[in-house]
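Undergrad: Attaching a single structure in structure tokens format; questions to follow.
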Amino acid sequence: MDREKLKLYLVTNSDGMTEEDFLYRIEEAIKGGVTIVQIREKDKSTREYIELAEKVHEVTKKYDVPLIVDDRIDVAMAIGAEGVHLGQSDMPVKMARKMLGDDFIIGATTKTVEQAKEAYESGADYLGVGAIYPTTTKVKTVLTSVDTLRDICEAVPIPANAIGGLNADNIQILSGVPIAGICVVSAIMKAENTRKAAEKLRCAFACLGIDAGATQNPPERFIQKKESTSNCAVQKTVLSIAGSDPSGGAGIQADIKTIEANGAYGMSVITALTAQNTLGVTGILPIEEEFITKELDAVCSDIRPDAVKIGMLSDTGAMRAVAEVVDKYELKNVVLDPVLGSTSGTDFSGKEAVEYMKGNLFSRSTIITPNIPEAEILSGMTIASRDDMIKAARLLHKKYGCSVLVKGGHCTFDNADAAADLLYCSGGEMDEDFLWLAGERIDNPNTHGTGCTLSSAIAANLAKGMELKEAVIEAKTYIGKCIAAGLDLGHGRGPLCHVINHK
């Protein structure tokens, strides 16, 4: 079973809801980032349970989200669900595995290391461990400590999720525990807006900085399943269109390292040669428009990219070549980092080129990722508050139609220890579209190439099929780890450590 599918595990509760509202709330939660759904209906007859479960399954199948049935193997088999979850008082895992075969997902609730080992040895695919906090349905349950949860994660090679009373405001207690994800009921099902509740939980979980592959190697049956669907022949591809940095900290070099670190195949088209290092830029040699077009045609006509990252484009010729090829090959998942200058203060694009970029590339992009100084230039307004960040993002979206990520790393008006980014996703009402991505400001002066790295990570995640919000959240988690690794090279503002244990 893919650990990624366990990140946000929703257990349903239909109490007090009409069937229509129940199904709508589940679908909205999936749109907000729920990765797996468990239907739990204790008070329905078998026929009623099957009828409702079939309708829930129709919803989850639309989004390739597995449906797990709580306790009832008969219901799971009747509707063709992907799996079943068994509690300590339910059918033994070993018996269920014998009945269902190897392809059926089986989860098990555990509270101790001994129970976890027994469930794994009996054939469980994943564990639900808890309750971590009291819940409305299990007020008298014996709570599981975070230390026990950690011990269980380290004792068995199958993924484990934390369960019980968790919400976006209290999951920080799980920081550093190598869980695969969290299981929630009320935090989503009882929320006024289930999509926003799911988004908030995904963001909070991503901010824990837990490695996706933090536990030991999976059992052999998982490896065999994975090998049948995941191999180099189907690796997703990302094209970086940017300038070259001979010191390796930014530009094409940083992009390729980032793309590969995030599990995609990196390709490149060089738009300019630069002479630069950690101390600054000492020379720029733009590549002619005609040759950039030849580079782009050579790549796109042979290996079609699943996503594109656009970085430094030093003149209108380079921008025109890129715009034409994006149209010619109908390229999707375009992430544009509007590189207007270097960290050390060198301007890369003149005023005429900036206007051409806004008029001809923004509308062809899925998302643009300006920092605050760049957003000020692009929007023509001063950004001196969070409200100003919102106004600038809204202005850019309304004018050009793309999503906008305003990066807060250059912020001088917020908490000195915080680095909040603002994501505006196009396609809905204002309240639905703004998402603040909080992050801790890491004490490390070596941040050369952070913009290149973040935008390339977003592109890699989009290439792998993530929705935009998830792609940005995961990319922000990745870059936080790159900075926190503390690489120290060169005599100036050094590069990041791109090769980290992320995916």
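Undergrad: Quick one: how many Å² of S186 are accessible to a 1.4 Å probe, rounded to 10?
TA: 50
Undergrad: Moving on to the next point. Taking the Cα centre of the chain as origin, sum charge times position over the Cβ atoms of Lys and Arg (+1) and Asp and Glu (-1), and report the length of that vector in debye to the nearest 20.
TA: 480
Undergrad: Also, I was wondering about something else. Taking R0 as 45 Å, what's the FRET efficiency between E290 and K399 from their Cβ-Cβ distance, rounded to 0.05?
TA: 0.90
Undergrad: Protein chains only, probe 1.4 Å: how do T110, T46 rank by accessible area, largest first?
TA: So the residues, ranked largest to smallest area, are T46, T110.
Undergrad: Exposed loop sites here are chymotrypsin sites (Phe, Trp or Tyr not before Pro) in DSSP loop states with at most 13 other C-beta atoms within 10 Å. What is the longest stretch of the chain lacking them?
TA: 64-412
Undergrad: Segment 447-486: which trypsin sites (Lys or Arg not before Pro) are DSSP loop and have at most 13 other beta-carbon atoms within 10 angstrom?
TA: Loop-located and lightly packed - none at all.
Undergrad: Relative contact order, percent, of the chain when contacts are C-alpha pairs under 8 Å separated by at least 6 residues?
TA: Relative CO of the chain lands at 11 percent.
Undergrad: If you count only protein heavy atoms with a 1.4 Å probe, what accessible area per residue comes out for the chain, rounded to a whole Å²?
TA: With the other protein chains kept in place, the chain gives 43 Å² per residue.
Undergrad: Quick one: with all protein chains in place, what share of the accessible area of the chain is carbon or sulfur, to the nearest percent (1.4 Å probe)?
TA: Carbon with sulfur: 50 percent of the solvent-accessible area.
Undergrad: Quick check on the chain: helices-only [θ] at 222 nm, where DSSP H runs of length 4 and up contribute -39,500 (n - 2.57) each and the sum goes over total residues. Nearest 500, please.
TA: Per the formula, -12000 deg cm²/dmol.
Undergrad: Let me ask another. With unit charges on the beta carbons (Lys and Arg positive, Asp and Glu negative) and the dipole taken about the Cα centre of the chain, which residue among A353, L313, Y24 sits farthest to the positive side?
TA: After comparing all options, I get Y24.
Undergrad: Just checking my list (i) 24.1, 75; (ii) 22.0, 76; (iii) 25.0, 84 against Rg and Dmax of the Cα atoms in Å computed from this structure; which label fits?
TA: Computing Rg and Dmax of the Cα atoms in Å and matching it to (i) 24.1, 75; (ii) 22.0, 76; (iii) 25.0, 84 gives (i).
Undergrad: Hey, what do the phi angles of segment 92-99 turn into as Karplus ³J(HN,Hα) couplings, whole Hz, using 6.51/-1.76/1.60 and θ = phi - 60°, x for Gly and Pro?
TA: 3J(HN,Hα) across segment 92-99, in whole Hz: x, 4, 4, 5, 5, 4, 5, 6.
Undergrad: May I pose another question? If you stretched the chain out fully between S385 and S89, how much longer would it get, using 0.36 nm times the residue separation minus the C-alpha to C-alpha distance?
TA: Computed gain between S385 and S89 is 101.1 nm.
Undergrad: If you don't mind, there's one more thing I want to ask. What are the trypsin sites (Lys or Arg not before Pro) within segment 275-339 that DSSP puts in a loop, where the Cβ has at most 10 other Cβ atoms within 10 Å?
TA: Answer by residue number: there is no such site.
Undergrad: By accessible area of protein heavy atoms, probe 1.4 Å, what ranking do D245, D103 get, highest first?
TA: Most to least solvent-accessible, the answer reads D103, D245.
Undergrad: Next up: Could you pull out the pairs from K236/K332; K200/K398; K236/K407; K61/K111; K196/K481 whose alpha carbons sit more than 22 Å apart here?
TA: Too far apart for the 22 Å limit: K200/K398; K236/K407; K61/K111; K196/K481.
Undergrad: Now for a separate question. Select from segment 1-97 those trypsin sites (Lys or Arg not before Pro) which occupy a DSSP coil region and have at most 11 other Cβ atoms within 10 Å, ordered by residue number.
TA: K42
Undergrad: Grab the Cα-Cα distance for A78 and V146, subtract it from 0.36 nm times how many residues apart they are, and report the gain in nm with one decimal.
TA: Result for the pair: 20.8 nm of gain on full extension.
Undergrad: Would you kindly state the longest site-free stretch of the chain, with sites defined as GluC sites (Glu not before Pro) in a DSSP loop (not H, G, I, E, B) surrounded by at most 13 other Cβ atoms within 10 Å?
TA: Result, exposed sites excluded: 1-191.
Undergrad: Okay, moving on. Can you find, among G176, T144, P134, the residue sitting farthest towards the positive end of the charge dipole of segment 47-199, where Lys and Arg contribute +1 and Asp and Glu -1 at Cβ?
TA: Farthest towards the positive pole: P134.
Undergrad: Could you tell me the accessible area of L143 in Å² (1.4 Å probe, neighbours in place), rounded to the nearest ten?
TA: So the heavy atoms of L143 present about 80 Å² to solvent.
The values are calculated or read from the model by the stated rules, or taken from the named source; none is laboratory data. On a predicted model such as this, the values are computed, not experimentally measured, just so you know. Methodologically, a virtual Cβ is constructed for each residue, glycine included, from the backbone with ideal geometry; neighbour enumeration extends over all protein chains shown. In case anyone asks, the SASA skips ligands and DNA or RNA and just uses the protein heavy atoms, side chains included. Shrake-Rupley method; radii C 1.70, N 1.55, O 1.52, S 1.80 Å.
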